[in-house]
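My questions all concern the structure below.
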Amino acid sequence: MNDRHTVRRKGWLLAAGSSVVLALGIAACGNDASDAGSAADGGSDEVALSGEIAGAGASSQEAAKEAWIAGFQELHPDVTVSYDPVGSGGGREQFIAGATQFGGTDAALEGQELRDAKERCAPGELIQIPVYISPIAVVYNLPDVERLQLSPATLARIFNQEITNWNDPAIAKDNPGVELPDLSITPVNRSDESGTTENFTDYLAKAAPDVWTHEVDGNWPVPGGEAAQGTSGVIQAVAAGEGTIGYADASQAGDLGVALVKVGDEYVGPTPEAAAAILDNSEEVAPDASIFAYELDRETEAQGTYPIVLVSYEIACTAYDDEAQADIVREFLRYVISPEGQEAAAQNAGSAPISQALRRQIEPVVDAIGAG
């Protein structure tokens, strides 16, 4: 099973000594943090920035990226930052090809992609840092059903197309007293390679292994149903047809119904607080000092925890040929991980801010960005 995308808490609470080792290991590749201020204040007023950088990747980050770009460009009016939400797979491809200066991905790099990304960043180092924590909502279109509860097995059977009608006994068992319509279910999945898909299928595989036996992957494994491009495409498809159900970053659920998922003996909704709670039981699986990756405990029964969560990463290099671009990438990522940047994302996208402990770990990695 492919677990490349997920997350753990012990890495977030490493001793200060680990941060020192990390800083020493990569500081030679970039500029001294004292030259450019700290991520704690959202970037430096001392650095005069001008020029442009481009990124592409996870559509789940779209709402957060809008807030980050707006806030950063307000601080630096001579800078232009663009981001194309083509999906995690497309973002990784463009970054590896050198078409963008940074990328967004809901699935941590691994295997050949990881090797190719490291080669792209040589002689500098590849950076992969968690910047966005968000629940994945199970969205549905049933106007007369205000509250929908689904156990992991029922949810897996719906998306596996084993349960095909909304008044199926399994759904009724999860929703006692609710009048369910005699209506066909239309599951909607992503048509593009997606980190959201990979996180969602990882949840199904771990929480309902007897039902969901497909390989965890960024490409949807079940033929049939309805497919849509990107997060916005899934939302539009679910909104367009009664009886539909899909999965998407919770920040973009809009007016659609959002299902509660059974965790232990309770049903939990995709709030930022419940999403952040899963990290208490999660563990770091990072391969290098400048590369962060995590594995989420999808099978948790901890109260108030929502297990269908994605941790989205920013990927960049510690060294760029263009000094102006290097400065912009460094300062932009400093803003993204700053308390101000994380609060902007929370307000605009409903995400859970990263912890101060994690911020202290990843600041040295961002500070190392400079000209090659």
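In this structure, is V234 assigned to a helix (DSSP H, G or I) and either at pLDDT below 95 or touching a helix residue (DSSP H, G or I) at 6+ places or on another chain (Cβ under 9 Å) (or both)?
yes
Which of the following residues is within 24 Å of D182 (Cα to Cα), touching a residue at least 12 places away in the same chain (Cβ under 8 Å) and touching a strand residue (DSSP E or B) at 6+ places or on another chain (Cβ under 9 Å): G254, G233, G241?
Checking each option against the conditions leaves just G241.
Please note which helices (runs of 4 or more DSSP H) are completely contained in the range 100-204 and include at least 1 residues that are within 26 Å of the chain's Cα centre (by Cα) and buried (at least 22 other Cβ atoms within 10 Å of the Cβ).
Answer list for the range 100-204: 111-121, 152-159.
Still on this structure, I have one more. What is the number of the single condition among (1) free of Cβ contacts under 8 Å to residues at least 12 places away in the same chain; (2) in contact with a Gly (Cβ under 8 Å, 6 or more places away or on another chain); (3) not aromatic (F, W, Y) that E93 does not meet?
Among (1) free of Cβ contacts under 8 Å to residues at least 12 places away in the same chain; (2) in contact with a Gly (Cβ under 8 Å, 6 or more places away or on another chain); (3) not aromatic (F, W, Y), the lone unmet condition for E93 is (2).
Do the conditions hold for S312, that is, is it under 21 Å from E66 (Cα atoms), buried (at least 21 other Cβ atoms within 10 Å of the Cβ) and touching an Asp or Glu at 6+ places or on another chain (Cβ under 6 Å)?
Here the answer is yes, as S312 does meet what is asked.
Next question. Out of S44, S34, report the one residue that is assigned by TED's automatic domain parsing to the domain that holds V329, hydroxyl-bearing (S, T, Y), modelled with pLDDT under 95 and not in a loop (DSSP other than H, G, I, E, B).
Of the residues listed, the single one that is assigned by TED's automatic domain parsing to the domain that holds V329, hydroxyl-bearing (S, T, Y), modelled with pLDDT under 95 and not in a loop (DSSP other than H, G, I, E, B) is S34.
Hey, could you check the range 237-249 for residues that are in contact with a helix residue (DSSP H, G or I) (Cβ under 8 Å, 6 or more places away or on another chain) and among the aliphatic types (A, V, I, L, M) and say which is surrounded by the most Cβ atoms within 10 Å (Cβ to Cβ)?
A248
Here is a follow-up. For the condition without any contact (Cβ under 8 Å) to a residue 40 or more places away in the chain and of a type in the set (D, E, K, R), what is the one hit in E314, E343, E331, E299?
Just one listed residue meets the conditions, E343.
Is there a residue in the range 109-122 that is assigned by TED's automatic domain parsing to the domain that holds I291, in contact with a helix residue (DSSP H, G or I) (Cβ under 8 Å, 6 or more places away or on another chain) and modelled with pLDDT under 95?
Looking for residues that are assigned by TED's automatic domain parsing to the domain that holds I291, in contact with a helix residue (DSSP H, G or I) (Cβ under 8 Å, 6 or more places away or on another chain) and modelled with pLDDT under 95, one finds at least one in the range 109-122, hence yes.
Among the residues of the range 263-278, is there at least one that is in contact with a Gly (Cβ under 9 Å, 6 or more places away or on another chain) and closer than 22 Å to L109 by Cβ?
no
Follow-up. Could you list, in sequence order, the residues of the range 352-369 that are crowded, with 23+ Cβ neighbours inside 10 Å, at pLDDT 90 or above and not charged (D, E, K, R)?
Within the range 352-369, I362, V365, V366, A368, I369 qualify.
Conditions tested, residue by residue: (1) among the polar types (S, T, N, Q); (2) touching a Ser or Thr at 6+ places or on another chain (Cβ under 6 Å); (3) within 27 Å of Q361 (Cβ to Cβ).
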residue	(1), (2), (3)
T80	yes, no, no
Y83	no, no, yes
G87	no, yes, no
G90	no, no, no
A99	no, no, no
A107	no, yes, yes
G111	no, no, yes
D116	no, no, yes
Q128	yes, no, yes
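The values are calculated or read from the model by the stated rules, or taken from the named source; none is laboratory data. These numbers come from a predicted model, not from an experiment. Cβ sites come from the backbone with ideal geometry, for glycine too, and all protein chains shown count toward neighbours.
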